[in-house]
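One structure below.
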């Protein structure tokens, strides 16, 4: 049994409380208010709800490129670089990115993995021996579900995914799809597929959001990547008013997979509260993937992040929750419990 003391951001509201989290055999068994001298800040570990970590073999290779030039299949800079990488190079590069995610407090990530069954197997190989876990949305053929957790489609304007959707539904696995990234033309076709998850929705309008709410489809927003590729600003306030919204860092080629940076950017550039942003970075992604983490309460998996509240960066904060969202960095991480 282990006890973590300090300011605990407890429950679904992340209310700061002086207390301790009791962990036994990987499970939170108690969350207790106690007097403590610890200046640590204890919060749920992050769930990065959208990544492409295969892009770890091409970090910063798309600087200055458009969306199509950078990532659009099949001839973008990303896909050419992925095709040229050996399996050993790919696995090693993805493993190092996963190491960074572990160091900066990410418990799990939802990855769109290219190149079908072999691509999914490469990510499983990179995951082996790591504490951070990959929820893989595989590609190309539903046969990828032998290794992957779900199926990820590039976009409804890229191909007809109706056969894949039917097969994935038959298998009882989740189906996710990019939508509304360069423009709105693929949003209704994506919703026609009755997806379990939508990625981006930068150009979502009122009629799209009504359908999202009616179909109860969660969304992952990736605002930093949208800014880098100059495709627009996702209407995060409106998305939150209609459905569950999680945060993702998207392509490693474009941005480091730091949830601290994603939270800070979102909190400072969109009409959202710090509580909502922290929920997007933890609870929402966990719920989308069916993971038993993302909130500190008894009975949950002990996936926790401990920050040094007396670091040069965080010392003196009057609002620990806002400090986590707006100010904290990987340098403030004292411990990650996964």
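The values are calculated or read from the model by the stated rules, or taken from the named source; none is laboratory data. Source: prediction; values computed, not measured. Here the Cβ is made from the backbone with ideal geometry for all residues, glycine too, and neighbour counts use every protein chain on show.
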Kindly check whether there is at least one residue in region 24-43 that is buried (at least 20 other Cβ atoms within 10 Å of the Cβ), in contact (Cβ under 8 Å) with a residue 24 or more places away in the chain and touching a helix residue (DSSP H, G or I) at 6+ places or on another chain (Cβ under 7 Å).
yes
Do we find a residue being more than 16 Å from residue 42 (Cβ to Cβ), surrounded by fewer than 16 Cβ atoms within 10 Å (Cβ to Cβ), in contact (Cβ under 8 Å) with a residue 24 or more places away in the chain and not assigned by TED's automatic domain parsing to the domain that holds residue 94 anywhere in region 299-308?
yes
Given (1) part of a helix (DSSP H, G or I); (2) touching a helix residue (DSSP H, G or I) at 6+ places or on another chain (Cβ under 8 Å), index of the condition residue 284 fails
(2)
Residue identified as buried (at least 19 other Cβ atoms within 10 Å of the Cβ) and within 30 Å of residue 82 (Cβ to Cβ) among 283, 249, 329, 244
249
Since residue 218 meets every condition but one in (1) in contact with a strand residue (DSSP E or B) (Cβ under 7 Å, 6 or more places away or on another chain); (2) buried (at least 24 other Cβ atoms within 10 Å of the Cβ), which condition does it not meet?
(2)
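Kindly establish whether residue 94 is assigned by TED's automatic domain parsing to the domain that holds residue 180, farther than 16 Å from residue 334 by Cα, modelled with pLDDT of 95 or more and not in a strand (DSSP E or B). Step through it out loud before you land on a result.
Working: assigned by TED's automatic domain parsing to the domain that holds residue 180: yes; farther than 16 Å from residue 334 by Cα: yes; modelled with pLDDT of 95 or more: yes; not in a strand (DSSP E or B): yes.
For residue 94, the condition - assigned by TED's automatic domain parsing to the domain that holds residue 180, farther than 16 Å from residue 334 by Cα, modelled with pLDDT of 95 or more and not in a strand (DSSP E or B) - is met.
Of 325, 272, 277, which residue is under 18 Å from the mean Cα position of the chain (by Cα) and not assigned by TED's automatic domain parsing to the domain that holds residue 232?
Working: 272 fails: not assigned by TED's automatic domain parsing to the domain that holds residue 232; 277 fails: not assigned by TED's automatic domain parsing to the domain that holds residue 232.
Result of the check over 325, 272, 277: 325.
Only one of 105, 99 is under 16 Å from the mean Cα position of the chain (by Cα) and surrounded by fewer than 24 Cβ atoms within 10 Å (Cβ to Cβ); which?
Result of the check over 105, 99: 99.
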Within region 285-296, can one find any residue that is over 16 Å from the mean Cα position of the chain (by Cα) and free of Cβ contacts under 8 Å to residues at least 40 places away in the same chain?
no
Might you let me know whether region 161-173 holds any residue that is touching a strand residue (DSSP E or B) at 6+ places or on another chain (Cβ under 8 Å) and closer than 23 Å to residue 225 by Cα?
no
Would you tally the residues in region 97-108 being out of contact with any helix residue (DSSP H, G or I) (no Cβ under 7 Å at 6 or more places or on another chain), in a helix (DSSP H, G or I) and touching a residue at least 40 places away in the same chain (Cβ under 8 Å)?
3
Is it true that residue 145 is over 22 Å from residue 56 (Cα atoms), assigned to a helix (DSSP H, G or I), modelled with pLDDT of 95 or more and touching a strand residue (DSSP E or B) at 6+ places or on another chain (Cβ under 7 Å)?
yes
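Only one of these is in the same structural domain as residue 229 (by TED's automatic domain parsing) and at positive phi: 14, 100, 115. Name it. Walk me through how you get there before you give the answer.
Values: 14 fails: in the same structural domain as residue 229 (by TED's automatic domain parsing); 100 fails: at positive phi.
Every option except 115 fails the conditions.
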